[in-house]
Amino acid sequence: VQLQASGGGLVQAGGSLRLSCAASGRTFSNYDMGWFRQAPGKEREFVAAISWNGVATSSADSVKGRFTISRDNAKNTVYLQMSSLKPEDTAVYYCAAARRGGILTLVGNYVYWGQGTQVTVSS
């Protein structure tokens, strides 16, 4: 699976962004999908994940109530709607694909990664 993330940018605190991740190459609905982020000098961390059929989602405590993950299997795309953004949300955001049934908070369970998109939140 090839993954192409887009939608990052510079936004003021309190603002919103929607990230998209377009998949190609293999059957998108065979994979659970996740978003991770990595700030300078920090480890890559889990943000949110969604099951292959969109029924189940999970998110990190730090983004609960602010970020929403969704997917459109007809468009081979997963989204991350981010609102009430904070400066601490500044990072490169990565989308990733995992084989069904794994623990989706773990970086090591993802087999395909996109190139990342920069999100910068100014105070």
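The values are calculated or read from the model by the stated rules, or taken from the named source; none is laboratory data. What you see is a predicted model; the values in this text were computed from it and never measured. No Cβ is skipped: glycine too gets one built from the backbone with ideal geometry, and neighbour counts run over all protein chains shown. Heads up: the accessible areas ignore ligands, DNA and RNA and are worked out on the full protein's heavy atoms, side chains in. Shrake-Rupley method; radii C 1.70, N 1.55, O 1.52, S 1.80 Å.
Counting heavy atoms of the protein chains alone, K64 has an accessible area of about 110 Å² for a 1.4 Å probe. Each residue of the stretch 101-117 is assigned a 3J(HN,Hα), and the resulting list reads x, x, 7, 7, 7, 9, 4, x, 8, 9, 9, 10, 10, x, 7, x, 9 Hz, derived from the Karplus form 6.51 cos²θ - 1.76 cosθ + 1.60 (θ = phi - 60°), x at Gly and Pro. Determine the sum of side-chain charges near G9: Lys and Arg each +1, Asp and Glu each -1, restricted to other residues whose C-beta is under 13 angstrom from that of G9. Its environment carries a net charge of 0.
If a/c stays under 1.5 just call it rounded; otherwise compare a/b with b/c (prolate if a/b is bigger, oblate if not). Do that for the stretch 14-79, with a ≥ b ≥ c from the square roots of the Cα gyration tensor eigenvalues. In terms of gyration-tensor shape, prolate. Taken as Cα centroids, the stretch 3-35 and the stretch 61-93 sit 8 Å apart, rounded to the nearest whole angstrom.
For the chain, the dipole from Cβ point charges (+1 on Lys and Arg, -1 on Asp and Glu) about the Cα centre works out to 200 debye, to the nearest 20.
The figure for F46 is an accessible area of roughly 30 square angstrom, using a 1.4 Å probe on the protein chains alone. Would you list, by chain and number, the lysines whose Cα falls below 19 Å from the Cα of K86, excluding same-chain residues fewer than 8 positions away? Counting by Cα, and skipping residues close in sequence, K86 has these lysines nearby: K42, K64.
Report the gain in length on full extension from N30 to A74: 0.36 nm times residue separation, minus Cα-Cα distance, nm rounded to one decimal. Full extension of this stretch gives 14.6 nm more.
Largest GNM mean-square fluctuation among V63, V111, V78, using the chain with Cα springs under 10 Å: V111. With all protein chains in place and a 1.4 Å probe, the accessible surface of the stretch 1-103 carries 46 percent carbon and sulfur.
Determine the equivalent ellipsoid of the chain by diagonalising the alpha-carbon gyration tensor, then write out the semi-axes as square roots of 5 times the eigenvalues, largest first, rounded to whole Å.
Working: eigenvalues 101, 39, 36 Å².
So the three semi-axes of the chain are 22, 14, 13 Å.
For the charge dipole of the chain, defined by +1 on Lys and Arg C-beta atoms and -1 on Asp and Glu C-beta atoms about the Cα centroid, which residue among G9, S24, A96 has the Cα displaced farthest towards the positive pole? The residue sitting most towards the positive pole is S24. Solvent-accessible surface of the chain, taken per residue with a 1.4 Å probe and all protein chains present: 50 Å².
Based on the alpha-carbon gyration tensor of the stretch 64-123 and its eigenvalue square roots a ≥ b ≥ c, which shape applies: rounded if a/c is under 1.5, prolate if not and a/b is larger than b/c, or oblate? Display every interim value, and only then the final one.
Details: a/c = 1.90, a/b = 1.61, b/c = 1.18.
It comes out prolate by the Cα gyration axes.
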